[in-house]
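J.: This is the structure, below, for whatever I ask next.
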Amino acid sequence: MLLNSCSRLSILTLLVVPFLSQASISNSSEKSAKPPLTLEVKKTVTDSATFLQSQLNTHMQNSAQWLDQLLVSEGSEKTRATAKGYVSLGFAPRARDLSDSDNQFKVSLDLPNLENKLSVIIDNDEAEEDRLPFQSTSGQDQDNHVNAALNWYMLQKKRLNIEHRIGVSRSNLYAQSRLKYQQKIEKWHFTVSPSIEYYLEDGWGARVNTRLDRQIESDQTLNVAFNTRYVESEPSNRVSLGIFHSHTFSNDQAGVTGVWLKDSFSGERSYYASYRWRTRFFEHWLFFEAEPFVEFRERYDFDDEPGIALRLIAYYGV
């Protein structure tokens, strides 16, 4: 069963990725051969997208500046606050759910007038801290609740960071203190990030996220990551373990091959393999992703679930 599923994934990857890559190459090589109408339509679409991105960027920058000025006294030195984030629109059909969607957003407001120690984060990605570094959002249950948090960066050094956070996640008020330590030895880069949390509804919790990166070539990296989390209201720990290989083909294209497992020791173990390909899409702030994948979930007796995720991701504040 595993071999058949991997074969499906390989065939799907071979069919989808080269086609998309060739389409991107053909687009640039045959640009001059396109009829004027096609060029006009493309210009209209890109101009409209650029206008929307510009308007969103302006509104968010103004909001960040307004919030920052509320926190400083009159006559103090004014430094321009900044906002950045992204909007991701995705469609991720799989064998058991052909209508699965994958939509996310994130807003980060940096407030420099408090010595760059404060930021506000708003998103709908409650599982971000549970994910491994190169793990995609496909295959994860999303409730699309809006989350908000206020971050205080207590210590920011080259190797050691300490931050505290209060916020709302899954409609649950929480507080978190986190330490992040990094060490680089030649081509190896090790990171460990323990944290302690308290949730108003779920009680105490703790997590440890670790990752080990190895530079294989100038454009290739190998990553091994392990996360574990404990929450007082849950009967057992959650763990995730994954291995990823990333390859930067050019300034516009990159790919990540990964396999990982996650387990909560309560009948929810799953194994996942995918290849994620990303390319710049017309503008420097717009990207397209295609990710063929296969997942094996314990709840379905580890039957294979092949699928493909397609995403359009727009960044602002970049």
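The values are calculated or read from the model by the stated rules, or taken from the named source; none is laboratory data. Computed from a predicted structure; not experimentally measured. We place every Cβ from the backbone using ideal geometry, glycine too, and count neighbours over all the protein chains shown.
J.: Out of everything in the range 215-240 that is surrounded by 14 or more Cβ atoms within 10 Å (Cβ to Cβ) and among the β-branched types (Val, Ile, Thr), what residue ends up being farthest from the chain's Cα centre (by Cα)?
T.: Val231
J.: Only one residue in Asp141, Asp123 is acidic (Asp, Glu) and at pLDDT 85 or above, so which one is that? Give the derivation first.
T.: Working: Asp141 fails: at pLDDT 85 or above.
Testing whether each residue is acidic (Asp, Glu) and at pLDDT 85 or above leaves just Asp123.
J.: Scanning the range 61-91 for residues that are among the aromatic types (Phe, Trp, Tyr) and either part of a strand (DSSP E or B) or within 16 Å of Trp152 (Cα to Cα) (or both), which turns out modelled with the lowest pLDDT?
T.: From the range 61-91, those among the aromatic types (Phe, Trp, Tyr) are 66, 86, 91; that's our starting set.
Okay, now just the ones that are also either part of a strand (DSSP E or B) or within 16 Å of Trp152 (Cα to Cα) (or both), so 86, 91.
Values: Tyr86: 89, Phe91: 92.
Going through the qualifying residues, I end up with Tyr86.
J.: Exactly one condition in (1) surrounded by 18 or more Cβ atoms within 10 Å (Cβ to Cβ); (2) over 26 Å from Leu222 (Cβ atoms) is false for Phe282; which is it?
T.: (1) is the only condition that Phe282 fails.
J.: Which residue out of Glu268, Glu298 is surrounded by fewer than 19 Cβ atoms within 10 Å (Cβ to Cβ), charged (D, E, K, R) and touching a helix residue (DSSP H, G or I) at 6+ places or on another chain (Cβ under 9 Å)? Outline the logic, then answer.
T.: Details: Glu298 fails: touching a helix residue (DSSP H, G or I) at 6+ places or on another chain (Cβ under 9 Å).
Being surrounded by fewer than 19 Cβ atoms within 10 Å (Cβ to Cβ), charged (D, E, K, R) and touching a helix residue (DSSP H, G or I) at 6+ places or on another chain (Cβ under 9 Å) holds for just one of Glu268, Glu298, which is Glu268.
J.: Another question, then. Looking at the range 92-103, is at least one residue at pLDDT 75 or above, under 19 Å from the mean Cα position of the chain (by Cα), more than 23 Å from Arg297 (Cβ to Cβ) and small (Gly, Ala, Ser)?
T.: No.
J.: Among the residues of the range 227-254, write down those that are under 11 Å from Phe134 (Cβ atoms) and either in contact (Cβ under 8 Å) with a residue 24 or more places away in the chain or not aliphatic (A, V, I, L, M) (or both). Lay out the reasoning, then the answer.
T.: Step one: list which residues in the range 227-254 are under 11 Å from Phe134 (Cβ atoms), which gives 242-246, 254.
Correct list: Gly242, Phe244, His245, Ser246, Ala254.
J.: Quick check on the range 301-318: of everything there that is crowded, with 18+ Cβ neighbours inside 10 Å and under 16 Å from the mean Cα position of the chain (by Cα), which residue is nearest to Asp100 (Cα to Cα)?
T.: Step by step, filter the range 301-318, then rank; the result is Ala309.
J.: Identify, please: which residue in the range 162-200 is of a type in the set (Lys, Arg) and outside any strand (DSSP E or B) and is, among those, farthest from the chain's Cα centre (by Cα)? Please lay out each step first, then the result.
T.: Of the residues in the range 162-200, the ones of a type in the set (Lys, Arg) are 165, 170, 178, 180, 184, 187.
Add one more test, that the residue is outside any strand (DSSP E or B), and what stays is 170, 187.
Numbers: Arg170: 18, Lys187: 24 Å.
Filtering first and then ranking leaves Lys187.
J.: Considering the range 201-214 alone, what residues qualify as being modelled with pLDDT of 95 or more, over 24 Å from the mean Cα position of the chain (by Cα) and more than 18 Å from Thr228 (Cα to Cα)?
T.: Matches in the range 201-214: none.
J.: Within the range 249-264, identify whether any single residue is β-branched (Val, Ile, Thr), under 30 Å from Gly205 (Cβ atoms), outside any loop (DSSP other than H, G, I, E, B) and modelled with pLDDT of 95 or more, and answer yes or no. It would help to see each step written out before you state the result.
T.: First, the residues of the range 249-264 that are β-branched (Val, Ile, Thr): 256-257, 259.
Applying the additional criterion that residues be under 30 Å from Gly205 (Cβ atoms) yields 256, 259.
Those still in the list that are outside any loop (DSSP other than H, G, I, E, B) too: 256, 259.
Now drop any that are not modelled with pLDDT of 95 or more, which leaves 256, 259.
So far as the range 249-264 goes, yes, one or more of its residues are β-branched (Val, Ile, Thr), under 30 Å from Gly205 (Cβ atoms), outside any loop (DSSP other than H, G, I, E, B) and modelled with pLDDT of 95 or more.
Conditions (1) exposed (fewer than 13 other Cβ atoms within 10 Å of the Cβ); (2) at pLDDT 95 or above; (3) more than 20 Å from Trp204 (Cβ to Cβ), marked per residue:
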residue: Leu150; (1), (2), (3): no, no, yes
residue: Tyr153; (1), (2), (3): no, no, yes
residue: Lys158; (1), (2), (3): yes, no, yes
residue: Ile162; (1), (2), (3): no, yes, no
residue: Ser169; (1), (2), (3): no, no, no
residue: Arg178; (1), (2), (3): no, yes, no
residue: Glu186; (1), (2), (3): yes, no, yes
residue: Phe190; (1), (2), (3): no, yes, yes
